[in-house]
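**Student:** A single structure is presented below for examination.
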């Protein structure tokens, strides 16, 4: 695993607004505080989200984009790319792989953060079909698509996007086999602020802070951190 001092730019890929904030906002806040540039790529606008059935459905996507923009600002991110795929209908198609390879070649990150392509049977919500599809497409975009100039040659010929090799991938939410933990105790207030920015998703949860603390404390305990610490888990892959 590369030290953060070796990293200048991170591309964080997610299926929905709020995914990154639940899985990694504490870590991302630490990265930006250390001077790393972080770019968000949201595959959907989260248009199938929310809990208020009376809210006009056509207004949900713009609302969630605005919420994600505010949440990103809370952790030091101001470059967000929205791909506009329909929420709940994402598949790991060649088209999605091409779109993600395009963003990788545009951003040229030293590290990519993405969801797991595998189902989590312990916590079914983590394994949303969109999460798994985006995780699968993102890993395929890292290898081989973005680094191979002969894959999607139109990205070179029509858009001037040269191939780019991503040296490292972090699978958020722990992945199937977590092998790295980040202490986010000091950045927890920023993570909480980011999640509270997603009012359409978390406004009905008065227990949000307590739920997050319990979940992150359990992760910290698994990491062997002292009592009272909070942590986020990742599976780090060498993709050089």
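**Student:** Are any residues in segment 213-224 in a loop (DSSP other than H, G, I, E, B) and in contact with a strand residue (DSSP E or B) (Cβ under 6 Å, 6 or more places away or on another chain), and if so, which ones?
**Tutor:** 223
**Student:** Against the conditions (1) over 17 Å from residue 12 (Cβ atoms); (2) touching a helix residue (DSSP H, G or I) at 6+ places or on another chain (Cβ under 8 Å), where does residue 137 fall short? Just the number, please.
**Tutor:** (1)
**Student:** Also, I was wondering about something else. Can you tell me which residue among 5, 71 is at pLDDT 95 or above, assigned to a helix (DSSP H, G or I) and either out of contact with any strand residue (DSSP E or B) (no Cβ under 8 Å at 6 or more places or on another chain) or closer than 21 Å to residue 134 by Cα (or both)?
**Tutor:** Selected residue: 71, the only one of 5, 71 that is at pLDDT 95 or above, assigned to a helix (DSSP H, G or I) and either out of contact with any strand residue (DSSP E or B) (no Cβ under 8 Å at 6 or more places or on another chain) or closer than 21 Å to residue 134 by Cα (or both).
**Student:** Taking the conditions exactly as written (surrounded by 20 or more Cβ atoms within 10 Å (Cβ to Cβ) and either touching a strand residue (DSSP E or B) at 6+ places or on another chain (Cβ under 6 Å) or modelled with pLDDT of 95 or more (or both)), does residue 192 satisfy them or not?
**Tutor:** It is false that residue 192 is surrounded by 20 or more Cβ atoms within 10 Å (Cβ to Cβ) and either touching a strand residue (DSSP E or B) at 6+ places or on another chain (Cβ under 6 Å) or modelled with pLDDT of 95 or more (or both).
Okay, residues lined up against (1) more than 13 Å from residue 22 (Cα to Cα); (2) in contact with a helix residue (DSSP H, G or I) (Cβ under 9 Å, 6 or more places away or on another chain); (3) assigned to a helix (DSSP H, G or I):
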position	(1), (2), (3)
142	yes, yes, yes
149	yes, yes, no
182	yes, yes, no
191	no, yes, yes
205	yes, yes, no
211	no, no, yes
236	yes, no, no
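**Student:** Oh, and also: Consider residue 30 against the criteria (1) closer than 16 Å to residue 113 by Cβ; (2) under 14 Å from the mean Cα position of the chain (by Cα): it satisfies all of them except one. Which criterion is unmet?
**Tutor:** That leaves (2) as the condition not met.
**Student:** Run residue 111 past the list (1) within 14 Å of the chain's Cα centre (by Cα); (2) modelled with pLDDT under 95 and report the number of the one that doesn't hold.
**Tutor:** That leaves (2) as the condition not met.
**Student:** Please verify whether segment 152-165 includes one or more residues that are under 19 Å from the mean Cα position of the chain (by Cα), surrounded by 15 or more Cβ atoms within 10 Å (Cβ to Cβ) and not in a loop (DSSP other than H, G, I, E, B).
**Tutor:** Looking through segment 152-165, none of the residues is under 19 Å from the mean Cα position of the chain (by Cα), surrounded by 15 or more Cβ atoms within 10 Å (Cβ to Cβ) and not in a loop (DSSP other than H, G, I, E, B).
**Student:** When you scan segment 144-167, do you find a residue that is under 15 Å from residue 14 (Cα atoms) and in contact (Cβ under 8 Å) with a residue 60 or more places away in the chain, even just one?
**Tutor:** Within segment 144-167, none of the residues are under 15 Å from residue 14 (Cα atoms) and in contact (Cβ under 8 Å) with a residue 60 or more places away in the chain.
**Student:** Go through segment 86-140 residue by residue and tally those that are in a helix (DSSP H, G or I) and surrounded by fewer than 16 Cβ atoms within 10 Å (Cβ to Cβ).
**Tutor:** Within segment 86-140, residues that are in a helix (DSSP H, G or I) and surrounded by fewer than 16 Cβ atoms within 10 Å (Cβ to Cβ) number 5.
**Student:** Could I ask something else about it? Have a look at 51, 82 and point out the one that is surrounded by fewer than 19 Cβ atoms within 10 Å (Cβ to Cβ) and within 13 Å of the chain's Cα centre (by Cα).
**Tutor:** One residue alone meets the criteria, 82.
**Student:** For segment 40-59: of the residues being over 16 Å from residue 125 (Cβ atoms) and in a loop (DSSP other than H, G, I, E, B), which is modelled with the highest pLDDT?
**Tutor:** My answer is 45.
**Student:** Still on this structure, please answer the following. Scan segment 166-177 for residues that are under 23 Å from residue 21 (Cβ atoms) and surrounded by fewer than 18 Cβ atoms within 10 Å (Cβ to Cβ) and jot them down.
**Tutor:** The one that is under 23 Å from residue 21 (Cβ atoms) and surrounded by fewer than 18 Cβ atoms within 10 Å (Cβ to Cβ): 176.
**Student:** Could you grab the pairs with beta carbons closer than 6 Å, sequence gap of 6+ or different chains, first residue in segment 61-73 and in contact (Cβ under 8 Å) with a residue 60 or more places away in the chain and at negative phi, second one in a helix (DSSP H, G or I) and buried (at least 24 other Cβ atoms within 10 Å of the Cβ)?
**Tutor:** 71/21; 71/194
The values are calculated or read from the model by the stated rules, or taken from the named source; none is laboratory data. The model shown is predicted, which means the values in this text are computed figures rather than measured ones. Counting neighbours? That spans all protein chains shown, and the Cβs are built from the backbone with ideal geometry, glycine included.
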